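Heads up, the thing below is written out as structure tokens.
The values are calculated or read from the model by the stated rules, or taken from the named source; none is laboratory data. Note that this is a predicted model, so its numbers are computed, not measured. Glycine also receives a Cβ, built like all others from the backbone with ideal geometry; neighbour counts cover every protein chain displayed. Side chains are part of the model used for accessible areas, which takes the heavy atoms of the whole protein and leaves out ligands, DNA and RNA. Shrake-Rupley method; radii C 1.70, N 1.55, O 1.52, S 1.80 Å.
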2 protein chains.
Amino acid sequence: MLADLLQTIVENSPGAKGAILMGFDGIAVMQHVAAGYEDTDIESLAMEYSFRFIDLRKAAEALDMGDMTDITIKAERGTVIVRVLSEEYFVALLLGQAGHFGKSRWMLRSNAQALSSQLT
Amino acid sequence: MLADLLQTIVENSPGAKGAILMGFDGIAVMQHVAAGYEDTDIESLAMEYSFRFIDLRKAAEALDMGDMTDITIKAERGTVIVRVLSEEYFVALLLGQAGHFGKSRWMLRSNAQALSSQLT
């Protein structure tokens with residue numbers, strides 16, 4: 001189940017506020033927000049980024065880097081980790097702190113296949 | 001010296017093809033390309049991304065994440081690691097493989113202050 005997978009990702013990612021599965025067209029499929037972060041508008045955040053991700057993907061293709069697979073954006077008060085699932089979809093994880101995110105990135109990767117298989 | 005710093009970053013980053021210091025306006029300050037990768041057009045690559053980085057920075061600010069500090073873009077045949085140095089400048093490192101990039105990211109970070117101080 002998509003909801004369970006997103007919950008697993010969030011609960012096993014230190015500092016995670018939430019995760020969202022979204023189309024590159026900015027339409028959310030499903031999301032899970034961590035306990036205590038119910039007011040986090042992860043959908044607006046992912047929408048804000050989704051069109052920019054398309055631009056980044058086009059740039060990677062234009063530069064002969066092949067298909068884009070991952071994006072990480074770190075800022076003072078948050079980190080967004082993105083795993084591209086397919087031509088249409090990506091999963092994004094929002095971390096509240098800008099600290100270490102190795103485990104979180106691994107959680108996204110290790111669940112990417114399961115998420116993708118639910119989308120077909 | 002900027003050139004020496006970029007060379008240090010490239011030579012100590014496994015799989016690095018080159019590094020470039022660029023303004024967010026797409027104008028390159030200086031670059032260093034690794035031996036054997038002289039035909040890598042890292043300036044065009046960074047230019048292609050620079051305007052998109054401005055969009056990502058604006059999004060982070062709009063989402064109350066504060067100043068954007070780092071961007072990583074992984075694709076099938078390359079990884080771009082970016083460290084924001086100031087309002088005006090960033091340094092980007094191009095890795096030829098999409099493997100581990102922890103040391104490379106650390107090289108960018110540990111040299112960021114020295115690079116910035118050369119820009120003022």
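Of the residues making up segment B:1-25, those that are more than 18 Å from B:ASP41 (Cβ to Cβ), of a type outside the set (Ser, Thr, Tyr) and crowded, with 23+ Cβ neighbours inside 10 Å number 1.
Suppose the filter is acidic (Asp, Glu), within 14 Å of the chain's Cα centre (by Cα) and surrounded by fewer than 14 Cβ atoms within 10 Å (Cβ to Cβ); does A:GLU88 pass it? So A:GLU88 fits the description; yes. Screening A:GLY66 with (1) facing chain B (nearest Cβ under 10 Å); (2) in contact with a strand residue (DSSP E or B) (Cβ under 9 Å, 6 or more places away or on another chain); (3) touching a residue at least 12 places away in the same chain (Cβ under 8 Å) gives one miss only, at (3).
Just one of A:VAL80, A:VAL91 is on the phi < 0 side of the Ramachandran plot, touching a residue at least 24 places away in the same chain (Cβ under 8 Å) and within 12 Å of chain B (Cβ to nearest Cβ); which is it? First the steps, then the outcome.
Working: A:VAL91 fails: within 12 Å of chain B (Cβ to nearest Cβ).
None of the others qualify; the one that does is A:VAL80.
When the residues of segment A:42-57 are filtered to those that are of a type in the set (D, E, K, R) and at the interface with another protein chain (Cβ under 9 Å from one of its Cβ atoms), the one that is least open to solvent (accessible area, probe 1.4 Å) is A:ARG57.
Is there a residue in segment A:18-40 that is polar (S, T, N, Q) and closer than 24 Å to B:PHE53 by Cβ? Looking for residues that are polar (S, T, N, Q) and closer than 24 Å to B:PHE53 by Cβ, one finds none in segment A:18-40, hence no. The number of residues in segment A:1-32 being out of contact with any Gly (no Cβ under 9 Å at 6 or more places or on another chain), assigned to a helix (DSSP H, G or I) and not polar (S, T, N, Q) comes to 6.
Table: residues versus (1) of a type in the set (Gly, Ala, Ser); (2) open to solvent by 10 Å² or more (accessible area, probe 1.4 Å).
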residue: A:ALA60; (1), (2): yes, no
residue: A:ILE81; (1), (2): no, no
residue: A:GLN97; (1), (2): no, yes
residue: A:SER117; (1), (2): yes, yes
